[in-house]
Amino acid sequence: MTTSTHPKITVTGHLQKEAWRLRELPPVELVRPGLWSIPVIFPNNPLRYVNVYVIEVPTGLVLVDAGWPVDEAWANLTEGLVSIGANVTDVEGVLVTHNHADHLGLAGRIRDASGAWVAMHRLDAEGVDHEIDPEEMTTSSERWLIGAGVQESDLASMIPDVGQFANHLMIPKADRLIEDGERPLPGAPAIRAIWTPGHSPGHLCFMDDERNLLMSGDHLLPRISPHISVHPRETGDPLGTYIATLNAMRDMTPDEILPAHEYRFSGLAERVDQMNLHHEERLAEVLDWIMTRPGASSYEIAAHLSWSHGWENTRGMLRRAALGETIAHIVHLQVRGAIRNEPVDGREYRGELVRTDAWFANAR
């Protein structure tokens, strides 16, 4: 994820913003009557915490997202529920924005404690509805990284270890599937699902039409751009998909956006414009490097892009994430017709520049 700001975006979660500045966990907050935010820790990650939203329904509580599957996050969640006069046994369901472990990981433990159902989009349910073979995943990761031009000295640090596979095994399967436009809560019909693929194939935002609030998951964040990546299990053009879903919601006018990370804000159209500008600038940066060094591997290109903390300060899985984002931009350039991908010596994503004039005409 890449840092950026926009002066027209208004911070509305002031306590969350101050806690972010101080590198502390924000307080539990009543966002609107019957709707709370509970932050749960995301350890050893620059995102620090996940905002779990609690919606009061006639028969109990429904959560939007759950948190990373560790005891400390479970303590944050259960203590947060107690602070609003509730208990985990009051939770009747978990609406999952997407199937990444920091959003879905605790849902199984919640289900065990309360009998709650777990719901997500079909495409993300398919993403976790399979058995994980650590040996096969290690092999496919190594093959993919070598194909992208990763140097042998960096290879081992960019392959998930057995502990990370174990975290994936803790991710629960879905009990219910949610489709675009569905209102999944009979007791709270104002809650509407919006399919926003890009960060994941089945990413969902949840619009509260009564309160005019958008729970945006990782689709829209106030300070950073969501991680949009090509990797062994994510092919196609996820960046193009993300940009399309961003633009499809640009005319929405929620009073406030409730993201899964960082802090609440307003100014949806401005944030969409900023994300479009960010990705156009990054596409131009990638293309400029390909013009300078035709035939460079995606790993070489990634190493020369402008990263918020600098490439030299990025290691291991964070460097792998940066590589995946770079490849997503390379693939999107190819889809736009700006470059041609010509694998060389078994390595993928080597670009040869074509149609430069057409590209810059479109960019203008």
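The values are calculated or read from the model by the stated rules, or taken from the named source; none is laboratory data. Every value quoted in this text rests on a predicted model; they were computed, and no experiment measured them. Counting neighbours? That spans all protein chains shown, and the Cβs are built from the backbone with ideal geometry, glycine included.
Mind checking which residues of segment 206-227 are modelled with pLDDT under 95 and hydrophobic (A, V, I, L, M, F, W, C)?
ILE224, the sole residue that qualifies.
For the condition touching a residue at least 12 places away in the same chain (Cβ under 8 Å), of a type in the set (S, T, N, Q) and within 26 Å of ARG233 (Cβ to Cβ), what is the one hit in SER141, SER114, SER153, SER83?
Within the list SER141, SER114, SER153, SER83, the selection yields SER141.
MET215: part of a strand (DSSP E or B), under 28 Å from ARG32 (Cα atoms), under 14 Å from the mean Cα position of the chain (by Cα) and touching a residue at least 12 places away in the same chain (Cβ under 8 Å), yes or no? Quick ask: steps written out before the conclusion?
Values: part of a strand (DSSP E or B): yes; under 28 Å from ARG32 (Cα atoms): yes; under 14 Å from the mean Cα position of the chain (by Cα): yes; touching a residue at least 12 places away in the same chain (Cβ under 8 Å): yes.
The answer is yes for MET215.
Are there any pairs, at least 6 apart or on different chains, whose C-beta atoms fall under 7 Å, with the first in segment 253-271 and in a strand (DSSP E or B) and the second charged (D, E, K, R), and if so, which?
GLU256/ARG264; ILE257/ARG264; LEU258/ARG264; SER266/ASP255; SER266/GLU256
Out of the residues in segment 149-187 that are at pLDDT 85 or above and in contact with a Pro (Cβ under 8 Å, 6 or more places away or on another chain), state the one that is surrounded by the most Cβ atoms within 10 Å (Cβ to Cβ).
ILE178
Only residues that are among the aliphatic types (A, V, I, L, M) and either surrounded by fewer than 17 Cβ atoms within 10 Å (Cβ to Cβ) or over 18 Å from GLY337 (Cβ atoms) (or both): list them for segment 272-313, please. Walk me through it before giving the result.
So the first thing to find is which residues in segment 272-313 are among the aliphatic types (A, V, I, L, M), and the list is 272, 275, 277, 283-284, 286-287, 290-291, 296, 301-303, 305.
VAL272, MET275, LEU277, ALA284, MET291, ALA296, ILE301, ALA302, ALA303, LEU305, listed by residue number.
Give the residue, chosen from HIS278, HIS227, that is in a loop (DSSP other than H, G, I, E, B) and under 16 Å from GLY198 (Cα atoms). Steps first, please.
Details: HIS278 fails: in a loop (DSSP other than H, G, I, E, B).
It is HIS227.
Test each condition in (1) in a loop (DSSP other than H, G, I, E, B); (2) surrounded by 17 or more Cβ atoms within 10 Å (Cβ to Cβ) for ALA322 and report the one that comes out false.
It is condition (1) that ALA322 fails.
Tell me, which residue of segment 34-67 that is within 21 Å of ALA174 (Cα to Cα) and either of a type in the set (D, E, K, R) or without any contact (Cβ under 8 Å) to a residue 40 or more places away in the chain (or both) is surrounded by the most Cβ atoms within 10 Å (Cβ to Cβ)?
Among them, the one singled out is GLY67.
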